[in-house]
Structures are given as C-alpha cells and as structure tokens.
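Below: one structure, written as structure tokens.
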Amino acid sequence: MSGFDPVWLALREPADRASRDAGLIEQAAAGLRGQDAPQICDIGAGTGAAKRAFSPVFPSGCRWTFVDNDAEVLAAARQACGPEVALRQVDLSLEPAPWPEGCALVTATAFFDLAGAAWVDRFAAALARDRLPLLACLTYDGVMRFDPAHPLDTAITSAFNRHQQTDKGLGGAALGPNATRFLVSALQAHGYRCRTALTPWRLTPAHQAGLIDTLVTGIAGAAVQIGDISAAQAEVWSADRKARLSEMQVGHLDLYAVPPAS
Ligand SMILES: C[S@@+](CC[C@H](N)C(=O)[O-])C[C@H]1O[C@@H](n2cnc3c(N)ncnc32)[C@H](O)[C@@H]1O
C-alpha cells in the first residue's frame, strides 16, 4: 500500500474531474486523432481516473497502459476498467520510462509533485528521446485559499508545503509546489512547447464535505509532522475549518507539452 488508497482516490476524483483544463485535454486529444488505436500510458495511474476523465474527449479505440507501484490500486483499476487495460506494477523511481513501444501519449494526474528533481530530469530526457507528448494534470502548486480566513491559514499552508517537499519515494526530496515549474524547464531544455493552466479545486461543504473533512485532517497532520505547528494549534485550526469554511481552494496546474517537430 502506497498511502493512496482507493477510498481517497474515489473521494478526490469528482473534484479532479471538475478542475481539469478542458482546453489542454482537447489539445492532447487532437494530437491522437488520425492515429490507429493510439496507445496511452498513464503513470501513477491509481484506479484509472484519467481514462474515465479523458475517454469522452479522446478518440475511440485508445489502448491504455496503467503504471503504478501499488497492487491494491491496480486491482481496483482492473475492476473499474476491465480486462482490456494493460496494468504494470512498476516502481517508477527505478523505471522512469515505463511506456510500451509505440506509445503515443504519456499522461499523469496528481503525480509530479511527488517526484524529485533528478527523477524529473531523467523522465524528461526519456520522454524527449521517444519524442512523446505529455499531459500532466492537477499537480499541486502550493496555493491554498480558505474562506472565511483563519489566523493560522498561512502558517499551516507553509508547513504543509514544506511537508510536500519531503521524500515521497520518487527520487528523493519531492518538488512539491515547484514541480510543474521544474518539469516545464526540464522539457523546454529538450525543445518541448509547454502550455499550462491553473486548475484549482474549488470545494464547498455543500458539495464536497467529505473531501474537505479528509483534506483538513491531512493538512493539519502534515503540518504537525513537519514540526512547524503544535498539535494544539492544528486542533484549533482543523476544528474551525471543518465548522466554518464556506469555500476552500487547493491550487493545481495542468500541463500539455509537445516535443519539437523533427
Ligand atoms: C495522488 S495519487 C493519483 C492517482 C491517480 N493518478 C488519480 O488521479 O487518481 C498518486 C499515485 O502515484 C502512485 N505512485 C507513487 N509513487 C510511485 C512510484 N514510486 N512508482 C509508481 N507509482 C507511484 C501511487 O500509488 C498513486 O496511485
């Protein structure tokens, strides 16, 4: 188990779907049209949310490979997506280029913020070697907004962002909020054209009470664990946030990157 259990992934999937940038998804779809049964490789695939989100827009007949190191989420992906999806249980820290021969597009969702700088450099070099486009969605960007505000919001957010930059098992200290910026630079160094879009979650208790509750608990726990916030402060903050928030935003970026024309 990686800590990304299927229950958490199911909780976040509707918010992810509402936030993904339709324009960048359309550009990725346009790149696939005209290809015969294009192969897509989703890295850090979880239970297959990307396939569910992109299939209405991507051309029919796409063949999917899901790559993840977690047997439990891959089993859930098999149940949700059926036998036609290829599953690979791979530790991406050891194998940053797991796509099949003839792959047409690499996708990832909520993944690159877990990766370290050297790993992203290796990934970008392999992607460029194989001249593959990348659609990387919902990478955390470090910005959280809470309405109404609480005096501890800023301190908790910066503690959480520090925690996001600890080792997440993907090539050392994670890039966390800096991931998209770093990934864009790494790809541009190989001549890629990169387009990004802000894709924050905008969560309200009326629609996403369960997600807000789980998030607030997780954020407070991370802030205490990193050592910047006391348990008592975290308790005060999370009780207030769970009781009084009318909206919570969690910032993300989507990226679509295409290799240079040959
Ligand atoms: C935040 S979850 C996102 C899952 C999925 N993309 C989604 O949107 O629901 C990150 C995923 O990356 C996978 N992951 C993390 N580290 C990994 C590694 N070293 N190798 C392979 N997969 C990894 C986790 O198991 C998890 O499924």
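The values are calculated or read from the model by the stated rules, or taken from the named source; none is laboratory data. Since this is a predicted model, take the numbers as computed values, not measurements. Cβ coordinates were reconstructed from backbone atoms using ideal geometry, including for glycine residues, and neighbour counts include every protein chain displayed. For accessibility, only protein heavy atoms count, side chains too; no ligands or nucleic acids. Shrake-Rupley method; radii C 1.70, N 1.55, O 1.52, S 1.80 Å.
Tabulated data for the structure shown
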read-out	value
Theoretical FRET efficiency, 1/(1+(r/R0)^6), r = Cβ-Cβ of Ser60 and Val143, R0 35 Å, to 0.05	0.45
Prolate/oblate/rounded call for the range 4-72, Cα gyration tensor, a/c under 1.5 rounded	oblate
MRE, 222 nm, helices only [DSSP H, n ≥ 4, -39500 (n - 2.57), over the chain, to nearest 500]	-13000 deg cm²/dmol
Tensor-based shape of the chain (alpha-carbon gyration tensor, a/c under 1.5 rounded, otherwise prolate or oblate)	prolate
Other-chain or far-sequence residues with amide H under 5 Å of Ile226's (modelled H)	none
0 to 90° range, to nearest 10: angle between helix 205-225 axis and the chain longest Cα axis	80
Accessible surface, the chain, averaged per residue in Å² (probe 1.4 Å)	43
Nearest-ten-degree value, helix 231-244 long axis tilted from longest Cα axis of the chain	80
Three-way shape call for the range 1-147 based on the alpha-carbon gyration tensor, with the a/c threshold at 1.5	rounded
Counting DSSP beta bridges with both ends in the chain, the antiparallel % (nearest 5)	55
Of all accessible heavy-atom area on the range 112-262, the percent that carbon and sulfur account for (1.4 Å)	54
Hydrodynamic radius by Kirkwood, which averages 1/r over all alpha carbon pairs of the range 39-118, in angstrom	12.8
Degrees, to the nearest 10: 22-32 long Cα axis against longest axis of the chain	20
Cα centre as origin, Lys/Arg/Asp/Glu Cβ charges: the chain dipole, Debye	520
Within the range 108-262, percent of DSSP bridges classed antiparallel, to nearest 5	90
FRET efficiency, Ser246 to Ala86 (Cβ-Cβ, R0 30 Å, nearest 0.05)	0.10
